[in-house]
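Engineer: Dropping the structure in here first, questions after.
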Amino acid sequence: MKTNPEIPAAPAPGLLLVLSAPSGAGKTTLARRLEQEFPRAQFSISYTTRDPRGQEKNGVDYHFIDAKTFLQMVNRGDFIEWAEVHDNYYGTSRGIIDSAFTSRGIAVFDIDVKGGLKIKSRFPDAVLVFILPPSMEELERRLRGRGTDKDETIHRRLLAARTEIEKGLESYDYLIINDDLEAAFTELRSIVIAEQARRGRVDLSRLNLQSPDFAQKWAPQEK
Ligand code: 5GP
């Protein structure tokens, strides 16, 4: 299709939604609720070398694997991005992105800021949302409340949280302060609804303007 430089390009049909936050900010709960509310949302289950915490289940929260297997996957190019966070490896597999694009789905990533920015550099239409705790004191209280981490781990996570917050504040598209889970979820679902209504993401095959080839003409071309 010929492009007009005065008209900004439409985003790709699928929505890549990255949620980042320091651990303890409530991001995983928000991500899981999105999945319940939007049938087309699919949660990206990362691979990690860290041990399962509390009630976490293999294949549901993460794919828990050992470092050798992880590095084999890195060498095979299985990951769209991967990182070392808190002395463990974490990686995002590429399959979910293809399925979001082919089925107009919403791929939800619960990853750190570096990972989010890597996804954005490869897929500029990806939407980056940063979830903030209301204060550092509240973040510490939530981390201790989980009762699953040692003091030293909590201390390390708090230090990492500061850096993560600074990076998120300067580079993410949307910021949500999670001082009330319901209000935070309302903001998140509003972002998803608005992003789905962007030109290019709307399914124009539903459109009926009496001209049979009208919708086809305006439907986005494969990138
Ligand atoms: P946790 O161990 O608390 O589940 O996660 C620690 C950090 O790693 C969080 O910031 C989480 O978002 C991030 N993380 C989880 N999966 C991935 C991934 O696949 N890639 C990257 N870059 N970060 C991840």
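The values are calculated or read from the model by the stated rules, or taken from the named source; none is laboratory data. Source: prediction; values computed, not measured. We place every Cβ from the backbone using ideal geometry, glycine too, and count neighbours over all the protein chains shown. Please note that ligands, DNA and RNA were not included when accessible areas were found on the heavy atoms of the full protein model with its side chains. Shrake-Rupley method; radii C 1.70, N 1.55, O 1.52, S 1.80 Å.
Engineer: Evaluate the relative contact order of the stretch 15-204 (contact order divided by residue number), counting alpha-carbon pairs under 8 angstrom at least 6 apart; express in whole percent.
Structural biologist: 31
Engineer: Principal axis lengths of the stretch 15-204 from Cα atoms, whole Å, largest first?
Structural biologist: On the principal axes, the stretch 15-204 reaches 53, 41, 30 Å in Cα extent.
Engineer: Right, another one. Length gain on complete extension for the stretch Arg206 to Glu170, per 0.36 nm per residue less the alpha carbon to alpha carbon distance? Write out the running numbers ahead of the final one.
Structural biologist: Details: separation 36, 0.36 × 36 = 12.96 nm, distance 3.81 nm.
Contour length minus Cα-Cα distance gives 9.1 nm.
Engineer: Based on a Kirkwood Rh over C-alpha pairs, give the Stokes-Einstein translational diffusion coefficient of the stretch 1-117 at 37 °C and viscosity 0.692 mPa s in µm²/s.
Structural biologist: Estimated diffusion coefficient is 211 µm²/s.
Engineer: In what order, largest first, do Arg32, Arg201, Arg94 sit by accessible area if the probe radius is 1.4 Å? Show your work: numbers first, answer last.
Structural biologist: Numbers: Arg32 60, Arg201 15, Arg94 95 Å².
Heavy-atom accessible area, descending, gives Arg94, Arg32, Arg201.
Engineer: Find how much the distance from Arg122 to Trp218 grows on full extension, using 0.36 nm per residue of separation minus their present alpha carbon separation; answer in nm with one decimal.
Structural biologist: This chain segment gains 32.1 nm when fully extended.
Engineer: For helix 113-122, what angle does its Cα long axis make with the longest principal axis of the chain, in degrees from 0 to 90 and rounded to 10?
Structural biologist: 20
Engineer: Calculate for the chain the 222 nm mean residue ellipticity that helices alone would give, adding -39,500 (n - 2.57) per DSSP H run of length 4 or more and normalising by residue count, nearest 500 deg cm²/dmol.
Structural biologist: Here the helix-only value at 222 nm equals -12500 deg cm²/dmol.
Engineer: What number comes out for accessible area per residue over the stretch 15-204 if the probe is 1.4 Å? Units Å², please.
Structural biologist: 51
Engineer: Next up: Among 53-65, 81-93, 108-120, 137-149, what's the highest-first ranking by average C-beta atoms within 10 angstrom per residue?
Structural biologist: My ranking of the peptides, most packed first, is 108-120, 81-93, 137-149, 53-65.
Engineer: Could I ask something else about it? Ignoring ligands, DNA and RNA, please state the percent of accessible area on the stretch 15-204 from carbon and sulfur, probe 1.4 Å.
Structural biologist: Carbon and sulfur atoms account for 50 percent of the accessible area of the stretch 15-204.
Engineer: If you take every DSSP beta bridge fully contained in the stretch 27-93, what fraction is antiparallel? Give it as a percent rounded to 5.
Structural biologist: Of all bridge pairs located within the stretch 27-93, approximately 75 percent are antiparallel.
Engineer: Which parts of the stretch 87-124 would a label at Leu158 reach, counting a residue when its backbone N lies under 20 Å from a point 7 Å out along Cα-to-Cβ?
Structural biologist: Only 87 pass the distance filter.
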